[in-house]
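The values are calculated or read from the model by the stated rules, or taken from the named source; none is laboratory data. Keep in mind it's a predicted model, so treat the numbers as computed, not measured. Neighbour counts are summed over all protein chains in view; Cβ atoms, including those assigned to glycine, are modelled from backbone coordinates with ideal geometry.
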Amino acid sequence: MVKISKEAALEYHECGRPGKIEVKPTKPYSTQTDLSLAYSPGVAYPCLEIEKNPDDAYKYTDKGNLVAVISNGTAVLGLGDIGAMSGKPVMEGKGLLFKIYGGIDVFDIEVAEKDPEKFCEAVEKIAPTFGGINLEDIKAPECFYIEERLKRTLDIPVMHDDQHGTAIISAAGLKNALEVNGKDISKVKIVVNGAGAAAISCTKLYVALGARTENILMLDSKGVITSDRENLTEQKKLFATDRRDVHTLEDAVKGSDVFVGLSKGNVLTQDMVRSMADQPIVFALANPVPEISYEDAMASRPDVLMSTGRSDYPNQINNVIGFPYIFRGALDVHATAINEEMKLAAVNAIADLAKQPVPDVVNDVYKVNNLTFGPSYFIPKPVDPRLITEVSAAVAKAAMDSGVARTHITDWTAYKQQLRQLLGQETKLTQKLYDTARKHPQRVVFAEGLHPTMLKAAVQAKAEGICHPILLGNDERIEKLAKELELSLDGIEIVNLRHDNQSERRERYARILSEKRQRQGYTYEEANDKMFERNYFGMMMVETGEADAFITGLYTKYSNTIKVAKEVIGIRPEYNHFGTMHILNTKKGVYYIADTLINRHPNQEVLMDIAKLSAMTVRFFNETPNIAMISYSNFGTDEGGSPAMVHAAVEEMQKQYPDLAIDGEMQINFALDKELRDKKYPFSRLNGKNVNTLIFPNLSSANNAYKLLQALDMDAEIIGPIQMGLNKPIHFTDFECSVRDIVNITAVAVIDACVYKIKNRC
């Protein structure tokens, strides 16, 4: 666990704008018309519609995506009753988690009222503002009454996360841990150390999953809760045992199968763990110090299945795995409540997710290669991007099935796509690419089969159904690497290009290449030597039609790859040059940038080819190209150097292509600001148009432009480099590409190959 100092924490909260959350407008507000629509007089119309039909608040306001995080500060983290205002940083933090994991807006509300009745009255009066209410850091037993009353009196989802969040995640963990050790929940003996809100709620949910109350022992600060004890709360009575032979924690854990700690640190000893049944399950959830440390528990016996509330150990019980997605699903169907059916649906969805193959992003974050279901991984990690789709959808469906949904979801595939787009995991552009590629999967050669990133990408692309992968490399080493990474190679072809069994193919390729390039000095012997190189061999597979597309670049320098591509594949006859493009998918729209990889110092002729290739490529993505040729001057204000060359290229392009929306040279701010450009330069061929394609004067400016945006805007999606102008689909990556980047390029390569076949009727 990262060591956090007081100074660092205070500086984090204080620096820049104080606090952790803000409110941002979602509608235009730059003109008087915008403001009149936003407020008076335009705002009257949605008000009147809501008056006629209150449910229209979900249509015209943020109610359907707005949750109140409400506390009175009586049980703040491990700090106790520190007051409503003192708990505000925690509530803001909860709001931040809601936003980044669930895309949900939050108002944190601190109510300075300890009286449960008055507290409920305050919440009831403000409830119409919200689509849901998350109760937080309210002490027991008042929290039980408060939640139950608000659930009765309000028609929106209400959940006390300290109770149910922990319960849902720990129940999912218990379900899977029991599956790992092969035990039946109805037969296991469970010890729950703690009798507060979280402990009571957890135990209730275990019972809902099949645990038997007679097999449960619960302890509070006085020891085992027995039925003969006086003055028990109604909640404690639920789990008071009739046994009289157990009093202490040491007594209780002997022979037990499960220990769940929701109490205080260092109360469970190694000897106590040793006294438990075979393959014991220990959930030490006290925070920040667990009931027993992970190290001590594992040292006590090797067969223990361990979980804590800490991120630096396996199987973290973290509420963030649950509450953003539970509320997400509830909000999306305008639910009137969060009921038991929805909680159980969340439990099962979380448990099931841990059994699925782990996304590459999760392995990368935790610096591992092979998280798989078992003793060290039976709860999904908080960063798992699938949580929002699987848990939210399960909760929404349960709400519909149990009759608490005001609106219904019919297209679950579209709903999950919407959720992925909400958090930037997937965009409409990438979804369109994947959907198109799935309809026409092609044979794609992955050059660097022994590179873990490329191997993972090939496997993922196969799983996505977008291609039939062919891996180049030593088959034994690739199979060994796949085994280490726990990747399935089913349906994936491996070609060991240097093996003797490929000698006939190498010789055949060499003859074809030497004949094709004999006027450029190629001999058969030279060509045969080159067939031991993966780029030559792989591109020849595409050239001969034995594959449809080729992906390379994780190991190879661009200069070498470009040389090979020109020799083997060649440039399209209608062009003298080829280039690459990156697609930037931003909040402001999709932009196409060229040339980002190939042509270092283009002259006028090269710039014209890049512009023509860019126009063709943008149309390939079913967009109309509106092209701005970029420089550091506007429309001839600088008559020398680079601007003059760009100016000349634009002039010639406009002559040759009178219907093409292209203009320049211009500075980037004029290119992207339509109003500014139209006002200052109304004569432009781009008048009234939003520029979507940017041609830069040299490789340095284009490459740095997209990388700058990538570094500054983490939400911007970058797709590329996309090859433009070669005779066949040869696409490049670079050494810093992620698995997702390569899969995206693969989808483009597949579509490219499909279009090539259609054009050439292959």
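For segment 140-168, what are the residues that are more than 17 Å from Ala122 (Cβ to Cβ) and either of a type in the set (Gly, Ala, Ser) or outside any helix (DSSP H, G or I) (or both)? Before you say what the answer is, go through the steps one by one.
In the first step, residues of segment 140-168 are kept if they are more than 17 Å from Ala122 (Cβ to Cβ); the result is 140-141, 144, 155, 157, 159, 161-168.
The answer is Ala140, Pro141, Asp155, Pro157, Met159, Gly165, Ala167.
Is there a residue in segment 714-729 that is at pLDDT below 85, surrounded by fewer than 17 Cβ atoms within 10 Å (Cβ to Cβ) and in the same structural domain as Met608 (by TED's automatic domain parsing)?
yes
Does Thr561 satisfy the condition of being more than 27 Å from Ser514 (Cα to Cα) and either part of a loop (DSSP other than H, G, I, E, B) or touching a Gly at 6+ places or on another chain (Cβ under 9 Å) (or both)?
Working: more than 27 Å from Ser514 (Cα to Cα): no; either part of a loop (DSSP other than H, G, I, E, B) or touching a Gly at 6+ places or on another chain (Cβ under 9 Å) (or both): yes.
Here the answer is no, as Thr561 does not meet what is asked.
Go through segment 568-598 and report how many residues are of a type in the set (Ser, Thr, Tyr) and in contact with a helix residue (DSSP H, G or I) (Cβ under 8 Å, 6 or more places away or on another chain).
Of segment 568-598, the ones of a type in the set (Ser, Thr, Tyr) are 575, 580, 586, 591-592, 596.
Checking which are in contact with a helix residue (DSSP H, G or I) (Cβ under 8 Å, 6 or more places away or on another chain) leaves us with 575, 586, 592, 596.
Number satisfying all stated conditions: 4.
Which condition does Asn318 not pass, out of (1) out of contact with any Ser or Thr (no Cβ under 8 Å at 6 or more places or on another chain); (2) in contact (Cβ under 8 Å) with a residue 12 or more places away in the chain, if it passes all the others?
Failing condition for Asn318: (1).
What are the pairs, 6+ residues apart or on separate chains, where a residue within segment 677-693 that is assigned by TED's automatic domain parsing to the domain that holds Pro625 has its Cβ under 6 Å from a residue that is crowded, with 20+ Cβ neighbours inside 10 Å and of a type in the set (Asp, Glu)?
Once the first residue is assigned by TED's automatic domain parsing to the domain that holds Pro625 and sits in segment 677-693, its partners that are crowded, with 20+ Cβ neighbours inside 10 Å and of a type in the set (Asp, Glu) give Ser684/Asp663; Arg685/Asp663; Leu686/Asp663.
Can you find a residue in segment 670-687 that is touching a Ser or Thr at 6+ places or on another chain (Cβ under 7 Å), in a helix (DSSP H, G or I) and crowded, with 16+ Cβ neighbours inside 10 Å?
Looking only at segment 670-687, we keep the residues that are touching a Ser or Thr at 6+ places or on another chain (Cβ under 7 Å), and these are 677.
Now narrow it down to the ones that are in a helix (DSSP H, G or I): 677.
Next cut, crowded, with 16+ Cβ neighbours inside 10 Å only: 677.
Yes, segment 670-687 contains at least one residue that is touching a Ser or Thr at 6+ places or on another chain (Cβ under 7 Å), in a helix (DSSP H, G or I) and crowded, with 16+ Cβ neighbours inside 10 Å.
So is Pro658 surrounded by fewer than 19 Cβ atoms within 10 Å (Cβ to Cβ) and either of a type in the set (S, T, N, Q) or part of a loop (DSSP other than H, G, I, E, B) (or both) or not?
Working: surrounded by fewer than 19 Cβ atoms within 10 Å (Cβ to Cβ): yes; either of a type in the set (S, T, N, Q) or part of a loop (DSSP other than H, G, I, E, B) (or both): yes.
The answer is yes for Pro658.
Filter segment 101-125 down to residues that are touching a residue at least 24 places away in the same chain (Cβ under 8 Å) and aliphatic (A, V, I, L, M) and give me whichever is nearest to Phe323 (Cα to Cα).
Filtering segment 101-125 down to residues touching a residue at least 24 places away in the same chain (Cβ under 8 Å) leaves 101-114, 116, 119-120, 123-124.
Pick out the ones that are also aliphatic (A, V, I, L, M) and you get 104, 106, 109, 111-112, 123.
On the way: Ile104: 11, Val106: 13, Ile109: 18, Val111: 21, Ala112: 24, Val123: 20 Å.
Filtering segment 101-125 for residues that are touching a residue at least 24 places away in the same chain (Cβ under 8 Å) and aliphatic (A, V, I, L, M), the one nearest to Phe323 (Cα to Cα) comes out as Ile104.
Could you list, in sequence order, the residues of segment 25-57 that are at pLDDT below 85 and either among the hydrophobic types (A, V, I, L, M, F, W, C) or within 30 Å of Met85 (Cα to Cα) (or both)?
Answer for segment 25-57, where residues must be at pLDDT below 85 and either among the hydrophobic types (A, V, I, L, M, F, W, C) or within 30 Å of Met85 (Cα to Cα) (or both): just Thr26.
Give the residues of segment 308-357 that are within 12 Å of Lys381 (Cβ to Cβ) and among the small types (Gly, Ala, Ser), sorted by residue number.
Ser311, Ala354
For segment 688-701, give me the residue count where each residue is touching a helix residue (DSSP H, G or I) at 6+ places or on another chain (Cβ under 7 Å) and either of a type in the set (Ser, Thr, Tyr) or part of a strand (DSSP E or B) (or both).
3
Surrounded by fewer than 21 Cβ atoms within 10 Å (Cβ to Cβ), in contact with a strand residue (DSSP E or B) (Cβ under 7 Å, 6 or more places away or on another chain) and of a type in the set (Val, Ile, Thr): which single residue out of Val404, Val444 fits that description? Steps first, please.
Working: Val444 fails: surrounded by fewer than 21 Cβ atoms within 10 Å (Cβ to Cβ).
Residue meeting the stated conditions: Val404.
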